[in-house]
Amino acid sequence: MSPQIAGVLQLLALIAALALAYRPLGDYMAGVYSSEKHYRPEKWIYRAIGAQPSAEMRWPAYLRGLLAFSAVSVLFLYLLQRLQGALPGSLGFSSIDPDQAFNTAASFVANTNWQSYYGEQAMGHVVQTGGLAVQNFLSAAVGMAVAVALVRGFARSRTGELGNFWADLVRGTVRILLPLSVVGALVLVACGALQNFAGIHEVGQFTGGTQEWNGGAVASQETIKELGTNGGGYFNANSAHPFENPSPLSNLFEIFLILVIPFALTRTFGRMVGSLRQGYAILGTTAVIWLGFTALMMWTEFAHRGPAFEIAGGAMEGKETRFGVAGSSLFAVATTLTSTGAVNSFHSSYTGFGGGITMLGMQLGEIAPGGVGSGLYGILIMAVIAVFLAGLMVGRTPEYLGKKIGTRQIKLAACYLLVTPALVLGFTAVALALPTPGNSMTNSGAHGFSEILYAYTSGANNNGSAFAGLDADTQWFNTTLGIAMLLGRFLPIVFVLALAGSLAEQQPVPETAGTLRTDKPLYAGLLVGTILIVTGLTYFPALALGPLAEGLAS
Amino acid sequence: MSTATPARAPHDDLPPPGGRGAPTRAGSGLFDPKQLLKSFPDALRKLDPRVMITSPVMFVVLVGSVVTTALALADPADWFGWAITGWLWLTTVFANLAEAVAEGRGKAQADTLRTARTGAVARRITGTKEERVAGTELRVGDLVVCEAGDIVPGDGDVVDGVASVDESAITGESAPVIRESGGDRSAVTGGTKVLSDRVVVKITTKPGETFIDRMISLVEGAARQKTPNEIALNILLASLTIVFLLAVVTLKPFAIYAGADDQTSLIVLTALLVCLIPTTIGALLSAIGIAGMDRLVQRNVLAMSGRAVEAAGDVSTLLLDKTGTITLGNRQAAAFLAVEGVPEEALADAAQLSSLADETPEGRSVVVLAKERYGLRERDRGELAGAEWVAFTAQTRMSGVDLGGRRIRKGAAGSVLAWVAERGGSVAADARALTDRISGAGGTPLLVAVEDAEGARVLGVVHLKDVVKEGMRERFDELRRMGIRTVMITGDNPLTAKAIAEEAGVDDFLAEATPEDKMALIKREQAGGKLVAMTGDGTNDAPALAQADVGVAMNTGTSAAKEAGNMVDLDSNPTKLIEIVEIGKQLLITRGALTTFSLANDVAKYFAIIPAMFAVAYPSLDRLNIMGLASPESAILSAVIFNALIIVALVPLALRGVRYRPAGADRMLRRNLGLYGVGGLLAPFAGIKLIDLLLTLLPGIG
């Protein structure tokens, strides 16, 4: 079987698995966020944190809860790393430096999981499992809570109430992420991933010499790393490491974990707004982009010409032989179109176009299907923009799901749209203009430029994957990327919640034959076009100077 | 409620047969290229930065023009800098030109109105004396006298007398109208001329705020405020401008790193920025708004706010008065139904004779029907010697004639039955069945009876029915396709209302409607999130007009009604509501189409400018030059020139509005996306290439 056919079969298997999970998971999540019941363990948590889970919150209260919780999380994670040297169970690793500790704390709370450290050489069991893995759950649950709040904004009318942040946070964690993670971890262990609390071993190498490896709760952390679209690897090699991702089967399963919640959330959305077709339109939009990107990636990676590449069956530099071109391409597209950022191959080694596809995927705002929660609210913002641009063309003031898109709504959506380009382009420009940051580049020319552009694209969009090649553990990069991650995560959330609040207050406009139908393929196509054109226009010059200049040269 | 009876012939306001493309359709409007030249000085005057700042997109272009001018002055030998500078200034001026042309059309109309306003002298009554004061000195509550030949000095209501008034200064309609105290026809407008008789007018509006003053400021665009949707669009355009500003500003460090410092001079970057920001829609946005109002003015509708025009596009429920809007003003005879044993011709003859003395339209229609259906010549009242005519009155509700021994009566069922009974006559058994059948079908039965040698008896029944105007059903079908529900408002009983509603094809009806019912209906619709439009002219319509999202007051109506509505139809034609909705929609579509077009244009501009800037640093990027433009300079210049010229090219479209046909949202979206989205994507590739080809013909380029 040729690698191309193997790739297509893997893709088909993946689509089948996602399709099977779509309905039950989507409906289950809608039920979780709509249920009136509190389970006993949840009640214990509410009592412990002093929350009243049934009290409805307006958007400022919801936002306050979210920001306070995240601020505490950053502080806790920062202190845990700073005190690591004094904590037991740390494998003897010393405390983390302030700038790196800030970067890592910001990174994990912002669901980015950018890592400027080497997991196996810096973080012990306590920080990994008690700090980083916990945030893998909570930051994902925060994203889902925001998405659900926005969906409620569309679904509710003449109230400003968006639900209860604490209830959404706890339920997302306890009822969705935890059970799925347990199942996922068992599957990964069965595939051969590591799960222990072993200390540091010295192991022999095939080529002679020895190296040191430590164990850890790898399989469990790996599961939530993918499921919560986090991406922070236990080891530096991330999902390319055989302890994290041992086989082609585990590889496909991990890609499934990355995509399953974001895709199923479109069903949850349809369910909660009372029109499954609306959910299908969003699903269709994201699926078209995802499939298009996957096809392009496979094409450019397989087609890479030259005798060396042909012997390897495509561009194999930086890719694992376990996964091949297809398994790596599938993973790379899934991880950059969601906010995951886990890698099973090195994006820096991809073809010029391939690297460009990973960057463009993130620059779209990670909405196809996007991070858990963040993907859904991201694409709903784009849906609002698309409705506004094209909705006028049917001769009515634009409305989406019966809610009018007026001055306030478009102001908030436009602010959302401005945040990440400002962070990505602004920081990249400053980094290039200053004398020292450029020293972190491994390559010169277009590829070197891509290294820095990729870093800020990844940080501001909360992806967390790295292009490799850039030495990011400097004060400059630790600090600016930390800021980019925090602003890139929480500023958009402010605008999303404000938008949700303004939508929830509105009274819905009944649908007539004159209403723009947002549950039709025509609209989905329009949405794809809007997303590609708006993002494309923003980043075209930057992409031209990096991946395009490289890709067109070959 | 009141029933507006149009002052002109009933068929005037009918949609033309076929409807499509006829002048009453939204979409027509004149554009004369000469207006571009005429408005040029106005366009230059608008270069004032304090004016330009209201459009963020064009303000950025203005700043860009100033920057490039300074740079060109610093290096006067560089022809490229001068060329870019020139075209950037032209871009700015073209944008102002669009607005100036749009405003210019209203100015002419305003001047005509001003001549009507000036020089009115009022004859104010104080106590018993009469004094002459300037119209501007009048206060609300003053009483003024107007006699034949006088210009009415201000808006007011007639409190005494009746007069014929020439309102052509405002409506353009030369036929005089009657204004009388009391009732729904008491309002007079300042600037109109009294042609006969004498009236006393109570002034209701302060000088400077009269209808004609408001009209002047409206058609001039002085009172124009940005509408909610326009503001929202402006915000989106401003944020896109910021995005592109970011993309261009950060490009400089990228270019320095890439080794393309020389190719990305400030002039080139400014050119790129101006090409990318949505200048096309930014330049035309306010012209589109002004032109939308202007299209209404051309149809003799005055919108008191742009908000109302926008709301018209969103209307999902139309309340239409039955009389005068859906049906012709009056009921007409449709059939003669004779009782058993009476030939139909005899009934028709009796009905015609008895109706000769009935001057009401219903009476006339009986005469006409008898003539058309049975060839009975209309007899002149004079040719029947010895005839004694009994005229129709509201009290007797009967008309008739006494011809010697033969007395014929025709009238309302109750009255005629009483008349027959009084004379000891008989009522045929099937007469009641016939009247019931007619009532059941929503018609009005008129009985015809005769008393002669054989005694008094009922001959038969005349079927009177409302005649639905031609073409209304098609219009309502169109509205339904546009997602608009029509509700017919009538004072008739539910049975009659239902029959007419079915015949006309409206979606719903409100029978035996009182002003309270109407108000309740509007509130109910609005509670469901719907926007409601209605017309009205009576004082009792005023609350409902104020409550409706689009309230169109008839110019013949009372000042209370005109004050309450947010639009005034100078032709007093209730059917125009449908056109108003279409104009509102067309306004929004034009905005959306040009925004989409403007954004889609950017793709081609990138393909022109990016290779021009970076092909030296990265030769591979020359492959992006898919248009094969001659040189970096010609490529950038072509993009800038295209960007400027497309504004002028689209001015007629902005003023006229995109072509609009009533259709469902899906069809409309598909059509407009194809035309302005895909068209906007492809057109500039051709345009820029063409300009580049022309540029290479110039010496020194290419």
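Is the shape of the stretch A:372-553 rounded, prolate or oblate, going by the alpha carbon gyration tensor and its root eigenvalues a ≥ b ≥ c, with a/c under 1.5 for rounded and a/b larger than b/c for prolate?
Judged from the Cα gyration tensor, the stretch A:372-553 comes out prolate (a/c at least 1.5, a/b above b/c).
Taking N as the number of residues in the protein assembly as shown, what is its Cα Rg relative to 2.2 N^0.38 Å?
1.16
Hey, which of these cross-link pairs are over 25 Å Cα-Cα: B:Lys498/B:Lys523; B:Lys46/B:Lys689; B:Lys46/B:Lys252?
Table pairs above 25 Å Cα-Cα are B:Lys46/B:Lys689; B:Lys46/B:Lys252.
Assuming R0 = 25 Å, what is the FRET efficiency of B:Arg481 and A:Gln507, from their Cβ-Cβ distance, to the nearest 0.05?
0.50
Where the only charges are on Cβ atoms (+1 Lys, Arg; -1 Asp, Glu), what is the dipole of the protein assembly as shown about its Cα centre, to the nearest 20 debye?
Value, rounded to 20: 700 debye.
Taking the Cβ-Cβ separation of B:Ala433 and B:Ala148 as r and a Förster radius of 51 Å, what is the calculated FRET efficiency to the nearest 0.05?
Result of the calculation: an efficiency of 0.35.
For the stretch B:265-348, what Kirkwood radius comes out of the mean inverse Cα-Cα distance, in Å?
After inverting the pairwise mean of 1/r, the radius is 19.4 Å.
State the antiparallel share, in %, of DSSP beta bridges confined to chain B, rounding to the nearest 5.
Counting DSSP beta bridges with both partners in chain B, the antiparallel share is about 75 percent.
Starting from the amide H of B:Thr327, placed 1.01 Å from N in the peptide plane, find each other amide H under 5 Å away whose residue is 5 or more places distant or on another chain.
HN-HN under 5 Å from B:Thr327: B:Lys469.
Treating the beta-carbon of each Lys and Arg as +1 and of each Asp and Glu as -1, no other charges, what is the dipole magnitude of chain B about its Cα centre, to the nearest 20 debye?
Magnitude of the dipole: close to 1200 debye.
How charged is the neighbourhood of B:Ile500? Take every other residue with its Cβ under 9 Å from the Cβ of B:Ile500, and add Lys/Arg as +1 and Asp/Glu as -1.
-1
Restricting attention to the stretch A:1-82, which chymotrypsin sites (Phe, Trp or Tyr not before Pro) occupy a DSSP loop and are surrounded by at most 15 other Cβ atoms within 10 Å?
Answer in residue order: A:Tyr39.
Which one of A:Ile483, A:Val419, A:Thr457 has its Cα pushed farthest toward the positive end of the charge dipole of the stretch A:372-553, where Lys and Arg give +1 and Asp and Glu give -1 at the Cβ?
So the residue we want is A:Val419.
Please report the spacing between the Cα centers of the stretch B:114-176 and the stretch A:126-149 in Å, no decimals.
77
Consider just the alpha-carbon atoms of chain A and return their Rg together with their Dmax, both in angstrom.
Spelled out, the Cα radius of gyration and Dmax of chain A are 22.4, 75 Å.
Just to check I understand the Karplus step: with θ = phi - 60° and J = 6.51 cos²θ - 1.76 cosθ + 1.60, what whole-Hz values come out for the stretch B:564-574, glycine and proline as x?
Here the 3J(HN,Hα) series is 7, x, 9, 9, 10, 9, 5, 7, 6, 10, x Hz.
Nothing charged except the Cβ atoms of Lys and Arg (+1) and of Asp and Glu (-1): what's the magnitude of the dipole of the stretch A:372-553 about its Cα centre? Round to the nearest 20 debye.
Computed charge dipole of the stretch A:372-553: roughly 660 debye.
Summarise the partner chain shielding of B:604-615 as one whole number: the mean count of Cβ atoms from other chains within 10 Å of each residue's Cβ.
2
When Cβ neighbours within 10 Å are restricted to other protein chains, what is their mean count per residue of peptide B:655-666?
Counting Cβ atoms of other protein chains within 10 Å of each residue's Cβ and averaging gives 3.
Run the quick spin-label model on A:Glu310 and B:Glu388: label points 7 Å from Cα toward the beta carbon, then report their separation in nm to one decimal.
12.1
Once label points are set 7 Å from the Cα along Cα→Cβ at both B:Arg423 and B:Arg670, what is their separation, rounded to one decimal in nm?
Label-label distance for B:Arg423 and B:Arg670, simple model: 6.8 nm.
When we measure straight from the Cα of B:Lys469, which aspartates and glutamates land under 12 angstrom away, once same-chain ones fewer than 8 places off are left out?
Within the straight-line limit of under 12 Å, B:Lys469 reaches these aspartates and glutamates: B:Asp12, B:Asp13, B:Glu503.
Which net charge results for the neighbourhood of B:Asp142, defined as the other residues with beta-carbon distances under 11 angstrom from its beta-carbon, given Lys and Arg at +1 and Asp and Glu at -1?
+3
Quick one: net charge around A:Thr512, please, counting Lys, Arg +1 and Asp, Glu -1 for every other residue with C-beta under 13 Å from its C-beta.
Cβ neighbours under 13 Å give a net charge of +1.
On each of the three principal axes of the Cα atoms of chain B, give max minus min coordinate, whole Å, ordered largest first.
Result, largest extent first: 117, 64, 46 Å.
Please give the FRET efficiency for B:Tyr374 paired with B:Leu37, using the beta carbon to beta carbon distance and R0 = 41 Å, rounded to the nearest 0.05.
My answer for the efficiency is 0.05.
With an 8 Å Cα cut-off and a minimum separation of 6 or more residues, compute the relative contact order for chain A in percent.
20
If we sort B:652-664, B:42-54 on the protection proxy, mean other Cβ atoms within 10 Å, highest first, what's the order?
Answer by packing, highest mean first, reads B:652-664, B:42-54.
What is the average number of partner chain Cβ atoms found within 10 Å of a Cβ in B:245-253?
6
What are the ³J(HN,Hα) couplings of the stretch B:467-480, residue after residue, when phi is run through the Karplus curve with 6.51, -1.76, 1.60 and θ = phi - 60°? Round to Hz, x for glycine and proline.
Those phi angles translate into 9, 6, 4, 5, x, 5, 4, 5, 5, 5, 4, 4, 4, 4 Hz.
Using DSSP to call loops (not H, G, I, E or B), can you name the GluC sites (Glu not before Pro) in the stretch A:8-69 whose Cβ has at most 12 other Cβ atoms within 10 angstrom?
A:Glu36
Taking the simple approach of a point 7 Å from Cα along Cα-to-Cβ for both B:Leu44 and B:Ser217, what is their distance in nm?
3.1
Hey, what did chain B get for relative contact order, percent, Cα under 8 Å, at least 6 apart?
About 16 percent, as a whole number.
Tell me the mean residue ellipticity at 222 nm calculated for the protein assembly as shown from its helices only (DSSP H runs of n ≥ 4, each -39500 (n - 2.57), averaged over every residue, nearest 500).
Calculated mean residue ellipticity at 222 nm is -18000 deg cm²/dmol.
Reachable lysines from A:Lys411, Cα under 17 Å, same-chain residues fewer than 8 places away excluded?
Reachable lysines: A:Lys403, B:Lys226.
Please list, or write none, the lysines whose alpha carbon is within less than 19 Å of the alpha carbon of B:Lys202, excluding same-chain residues fewer than 8 places away.
Correct list for B:Lys202: B:Lys129, B:Lys193, B:Lys562.
With unit charges on the beta carbon (Lys/Arg positive, Asp/Glu negative), name the residue among B:Leu587, A:Ser440, A:Ala342 whose Cα is farthest towards the positive pole of the charge dipole of the protein assembly as shown.
Result: A:Ala342, furthest along the dipole toward the positive end.
Once the dipole of the stretch A:372-553 is set up with Lys and Arg at +1 and Asp and Glu at -1 on Cβ about the Cα centre, which of A:Val372, A:Phe467, A:Ile405 lies farthest towards its positive end?
A:Ile405
Every number here is computed from the coordinates shown, using simple stated rules; none is lab data. Fair warning: this is a prediction, and the values are worked out from it, not measured in the lab. Cβ sites come from the backbone with ideal geometry, for glycine too, and all protein chains shown count toward neighbours.
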